[in-house]
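Working notes for the structure below.
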Amino acid sequence: MRKPIIVGNWKMNLTVPVAEKLAGDVASGYQADWADKVEVVVCPTYLQIPAMADVLSGRVGLGAQDLFWEEEGAYTGEISANMLKELGCGYVIIGHSERREYLGETNEMVGKKACAALAAGLVPIICVGESQKQREADETNEFLEKQLLAAVDSIEQADMAQVIVAYEPIWAIGSGDPASPEDAEEIASLIRETLTDKYSQAEAQQCRILYGGSAKADNIAGFIGQDNIDGALVGGASLDAKEFVGMLTSVVK
Ligand code: PEP
């Protein structure tokens, strides 16, 4: 049984005190008896991460929005997996479409980052998703298969079960116009089949697949009710504690 997981991506938002308040509100909204039913993670900016450990009080997982694949050295501006681990992170988002689009992140870089995360004991949340143009040209499935296989290319079979894949159609991110749960399920099932072919049924069945793109409290139930969707990666709605905790409430119902 895969435990549902809801991951908040705070992106480049909030001051440290506001981030602390949001984290505290999420932690106090998360009920102790939900532990078996839903996992929750927040991914603040690097600068907010040190302030999180005490506020999240162990109930809510902590993640980063990126990392660099080398362990240390002359890589100005970068942060390694071990540095994140040292500050209490358990998860890291890799290959978000905004990084691919604005910072030129390639499939190869995404693959290296995912391996570095795993080597340090962090759970990588690998993002894949097609653009509106690819969708209109009917290239979605072919594009996603290639993107996914490139990202997991160097990941060992033994590590794959703990990897999380987030299907985030770019056109749905921040648009207020999510994919339909049925369409998202079709892609989640394609992702699982692709992983089954590359690894085995056992790994592919354990791997959690998330939907991301304008998910919120009043539509999460439709996604979570699908066979192959195990949660959501949430942008905008994760910045509002009431809305985010509302998503968790809907998942545990
Ligand atoms: C995201 O950027 O990962 C995301 C899913 O954003 P939003 O929920 O705002 O669409």
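Brief remarks on what is shown
- Residues in the range 240-248 carry Karplus couplings, in order, of 10, 4, 5, 5, 5, 5, x, 5, 5 Hz; the curve used is 6.51 cos²θ - 1.76 cosθ + 1.60 with θ = phi - 60°, and Gly or Pro positions show x.
- For the range 212-253: rounded, prolate or oblate by the Cα gyration tensor [a/c cutoff 1.5]: oblate
- Net charge dipole, the chain: roughly 680 debye, given to the nearest 20, about the Cα centre with Cβ charges of +1 for Lys and Arg and -1 for Asp and Glu.
- Look at where the Cα atoms of the range 229-253 and of the range 102-135 average out, and the two centres are 23 Å apart.
- Rel. contact order, % - alpha carbon contacts under 8 angstrom, at least six apart, the chain: 21 percent
- Placing a label point 7 Å from the Cα of A35 along the Cα-to-Cβ direction, the residues of the range 59-88 with a backbone N closer than 12 Å are 59-60.
- In angstrom, the C-alpha Rg and Dmax of the chain are 16.8, 49.
Laboratory data are not the source of any read-out in this text; all were calculated from the coordinates shown. Keep in mind that what you see is a predicted model, and the values were worked out from it rather than measured. Heads up, the Cβs are rebuilt from the backbone with ideal geometry, glycines too, and the neighbour counts pull from every protein chain shown.
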